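Working notes for the structure below.
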Amino acid sequence: MHLGPRFLLTLKSLPVFVVLLGLYWASQTFYTRHDLTRDHLYSLNQGTLDLLTRVEEPIQIQLFFSRNLPPRFQPVADFVRTLTQEYALHGNGMIQVSEVDPGADEDVRNEAYRLGLSETRANIISKNRQEAVELWFGIAMTRGETGLEAFPSVQSIADLEYDLSSALLRLTQKGKPKIMMVGPTFVEGGGVVFDIQRDIKPIYHQLSMLYDVGQVRLQPETVLDLSKADALIVWGLPWFQPEQMYRVDQYIVSGKPVLLLASGLVVSPNVLVAQALPHSNADAFYAGLGFKVNRTLVSDNQCTKIKYTNVRPPVFKDYPLFPKLTQANGGLDPDFSGTKHLDTVVLPWASDLEIMPREDILPRIIARTSEQAWVQNEGYLIDPDKAPGPTSFGRYILGLALTGRFTSFYGESPPEGVENPDHLVTSQQASTVMVWGSDHVLTQAAQKSTLQWAEHAAGFMTHRSQLGDIDRRDQVFAPIGHVSDAEKNKIRRLSVTVAPALMLLAALGRTIYRRRRNTRPWRGDDPHDT
Amino acid sequence: MFLTVAAKEIRHALNSQFALILALIFVIALALPVFWSHSATNVFVSGLADLTPFFGQLPLYLMVFIPALAMRAWAEERRGGTYELLLSYPLRPRDLVLGKFLGNYSLCLFCLCATMALPLLIFQLGNPDPGPIVGGYLAAFLLSAACLAVALFVGSLTANHITAFILALAALALFMFIQVPSLNFHARFVNVARGIVDTRDLAFYGLVTVSFLYLNIKRLEMGRW
């Protein structure tokens with residue numbers, strides 16, 4: 001049988017295509033990926049990736065987006081789609097992402113309402129007119145029939161990954177994280193005892209919705225067992241026995257999160273007396289963590305009001321000794337996960353904190369007074385009628401987050417009298433200790449701001465320890481600055497003239513060159529032509 | 001040897017009014033959605049210093065521009081009677097194909113580089129993320145290489161400009177709109193244009209380019225018989 005040259009040619013090409021297919025398979029199987037964007041916009045953080053490897057049940061992420069979103073929503077929607085697709089990609093096939101438009105289908109709309117979502121109102125500018133439109137821009141994350149986390153409206157994408165991962169963690173975690181609240185009872189003037197179980201019940205109830213909260217009413221003989229705690233809230237460290245303080249030390253060194261309330265004073269509100277705390281081992285302990293509590297009593301013009309009962313009828317008066325820290329006055333760190341969602345925190349009878357630099361410990365100021373604050377040093381007066389005014393203003397630190405690998409305050413071995421074969425000297429992993437300069441914040445447990453503070457602090461401690469560092473994505477979409485109409489027209493003209501002008505110039509140059517070349521005599525004719 | 005062919009292609013295009021007009025239309029047309037349109041691709045409408053919508057539409061423009069650029073590569077040789085002459089030269093088909101490809105690709109690159117005035121104007125308005133811009137142009141260079149290889153191969157099948165254009169347009173449309181994500185030019189382009197440089201996408205474009213150039217070479221070899 002004679003095989004034509006074309007057939008032979010085709011046959012000879014087959015191995016080449018096999019090789020090309022093999023190269024294609026190899027390139028799709030063995031690959032690397034680089035995210036060139038600022039803030040690694042489209043790459044999940046390691047904490048999220050670790051979380052996704054532990055997902056064992058199907059999770060559904062539904063994007064309820066209107067089909068015709070206004071222009072300023074579209075880049076955000078695009079980012080949300082890409083980010084959630086990354087969750088699906090790394091979710092071991094357990095995470096499904098879908099997008100629906102509730103505006104188009106009544107059944108879908110009812111489903112959205114059932115999931116706790118609703119329309120978002122947005123102001124848009126259309127044809128030089130501002131109008132309000134209602135649109136769907138929410139996310140629902142579900143696990144089976146019972147697990148649900150809803151984001152009614154995607155307001156900001158800066159923390160979207162942290163929010164989605166936190167929601168995923170809440171949906172998938174087996175059992176609630178355990179938070180231990182440990183500290184002595186407060187002994188107030190006149191024999192009134194601040195009963196931890198009675199007076200901080202509101203905090204206990206608030207936290208119990210999401211956590212398994214344990215309380216330790218610390219007595220000198222109390223044996224502290226913190227082994228099962230996922231996070232710790234501690235106050236009154238100066239009154240801890242050496243072994244109790246050692247347990248807290250080892251807890252910190254084990255890499256678990258702690259919220260530490262550290263005041264420099266003892267306050268008895270009933271008799272209106274405040275005294276500096278005597279210096280103790282606790283101060284050296286704090287220094288080891290990277291901070292110092294000053295023996296000051298902070299006052300701030302940005303303060304809350306108290307009910308002043310010395311007059312009839314009672315009135316509400318500003319009480320500068322209860323500084324009110326707000327996001328608006330820069331009192332709370334808007335980038336720190338434990339404070340960014342807080343509007344207000346009131347810290348009664350607070351002492352200011354001072355950073356003491358430590359190798360491997362990164363301090364971060366998460367709360368501070370306004371610029372109109374002042375302090376009392378010794379001879380503290382807390383009577384509203386007698387408390388002194390400012391002689392000079394300043395800004396004082398009232399909250400710190402210390403992150404890093406902590407070293408045991410006790411060095412290479414436990415303190416005398418304590419047996420612990422598993423003594424830890426240095427942390428194997430980074431952890432965070434949050435410090436607030438007032439332990440009397442617990443006396444404000446009935447206040448809504450205190451409850452929110454406790455809730456967010458607990459959320460930060462438990463989620464962060466499991467999620468690791470999830471970066472905030474700031475300035476994801478760079479807005480254009482204010483541009484006048486004249487500038488816009490100038491930019492428009494440039495956009496359609498610069499490139500074409502360059503091309504025409506190149507063409508003109510080429511034409512001139514050709515004409516010059518064509519009019520020159522051919523060199524071969526003229527023997528004198530060099 | 002293929003450089004000689006490439007140089008000839010470039011000279012021919014630079015001497016051609018058609019190529020100049022095509023390039024002018026291309027760069028002006030790309031500027032319109034970024035600064036003139038009423039849609040979200042307009043930075044003045046979205047309020048964002050972001051070229052992602054621009055890059056999102058670039059594949060569609062290339063889908064028309066590249067067939068127009070490549071339609072004369074082989075068809076003109078056939079119609080002008082120089083095709084057989086070309087095949088008789090002591091040039092390997094590989095040199096001819098690579099030369100045609102390089103010559104036309106250089107023009108493509110020149111036109112794409114001319115559009116870099118747009119990001120420069122965006123930087124006057126705000127502080128865009130340079131990552132997607134770098135990714136977008138990288139994706140554009142790779143996509144145009146792949147599209148050109150497809151268009152050249154399809155153009156080698158016919159002696160008529162218009163037929164070559166239509167066939168190339170249809171072939172590229174197939175690759176742009178195919179529902180198989182791993183074969184979809186547009187889906188892979190959007191990924192890189194976001195600033196995510198994934199070697200899978202780079203390899204895909206490279207292999208498509210090589211495959212169609214190879215097919216083109218084989219087509220020429222068959223033409224010799």
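The values are calculated or read from the model by the stated rules, or taken from the named source; none is laboratory data. Predicted model only: the values in this text are computed from it and were never measured. Ideal geometry is used to build each Cβ from the backbone, glycine not excepted, and the neighbour counts take in all protein chains shown. Remember, those area values only see protein heavy atoms, side chains included, never the ligands or the DNA or RNA. Shrake-Rupley method; radii C 1.70, N 1.55, O 1.52, S 1.80 Å.
What the table below lists for this structure:
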| item | result |
| --- | --- |
| Candidates A:A454, A:A501, filtered to the one that is more than 12 Å from chain B (Cβ to nearest Cβ) and modelled with pLDDT of 85 or more | A:A454 |
| Options A:I124, A:I139, A:I95, A:I61: the member that is β-branched (V, I, T) and over 27 Å from B:P181 (Cα atoms) | A:I124 |
| Criterion (within 14 Å of chain B (Cβ to nearest Cβ) and either touching a strand residue (DSSP E or B) at 6+ places or on another chain (Cβ under 6 Å) or at positive phi (or both)) met by exactly one of A:A112, A:A77 | A:A77 |
| Top-ranked residue in the stretch B:175-191 [being of a type in the set (S, T, N, Q) and not in a helix (DSSP H, G or I); ranked as least open to solvent (accessible area, probe 1.4 Å)] | B:N184 |
| Strands (runs of 3 or more DSSP E) within the stretch A:351-432 that include 3 or more residues among the hydrophobic types (A, V, I, L, M, F, W, C), open to solvent by less than 30 Å² (accessible area, probe 1.4 Å) and within 27 Å of A:D249 (Cα to Cα) | A:361-368, A:397-404 |
| Within the stretch B:82-130, tally of residues that are farther than 22 Å from B:L60 by Cα and within 12 Å of chain A (Cβ to nearest Cβ) | 11 |
| Matching entry among A:L342, A:L277 (being of a type in the set (A, V, I, L, M), buried (at least 19 other Cβ atoms within 10 Å of the Cβ) and at negative phi) | A:L342 |
| All positions within the stretch B:92-146 that are assigned to a helix (DSSP H, G or I), open to solvent by less than 50 Å² (accessible area, probe 1.4 Å) and of a type in the set (D, E, K, R) | B:D95, B:K100 |
| Filter result for B:L172 (more than 10 Å from chain A (Cβ to nearest Cβ) and touching a residue at least 24 places away in the same chain (Cβ under 8 Å)) | yes |
| Answer from A:D526, A:D474 - the residue that is assigned to a loop (DSSP other than H, G, I, E, B) and either farther than 30 Å from B:G195 by Cα or modelled with pLDDT of 85 or more (or both) | A:D526 |
| Extreme residue, surrounded by the fewest Cβ atoms within 10 Å (Cβ to Cβ), among residues of the stretch A:226-274 that are of a type in the set (A, V, I, L, M) and more than 23 Å from A:A401 (Cα to Cα) | A:V271 |
| Residues being more than 19 Å from A:E119 (Cβ to Cβ), open to solvent by 80 Å² or more (accessible area, probe 1.4 Å) and free of Cβ contacts under 8 Å to residues at least 60 places away in the same chain - total across the stretch A:34-77 | 2 |
| A:S156 at pLDDT 80 or above and under 28 Å from A:S118 (Cβ atoms) | no |
| Exclusive hit being within 11 Å of chain B (Cβ to nearest Cβ) and more than 23 Å from A:V154 (Cα to Cα), set A:T32, A:T37, A:T53 | A:T32 |
| Tabulated pairs, the stretch B:192-215, first in a helix (DSSP H, G or I), second among the aromatic types (F, W, Y) and open to solvent by less than 10 Å² (accessible area, probe 1.4 Å), C-beta under 6 angstrom, 6+ apart or interchain | B:A193/B:F55 |
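Quick grid of which residues meet (1) more than 9 Å from chain A (Cβ to nearest Cβ); (2) farther than 30 Å from A:P479 by Cα; (3) open to solvent by 70 Å² or more (accessible area, probe 1.4 Å):
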| residue | (1), (2), (3) |
| --- | --- |
| B:I10 | yes, yes, no |
| B:A13 | yes, yes, no |
| B:L20 | no, yes, no |
| B:L30 | no, no, no |
| B:P33 | yes, no, no |
| B:W36 | no, no, yes |
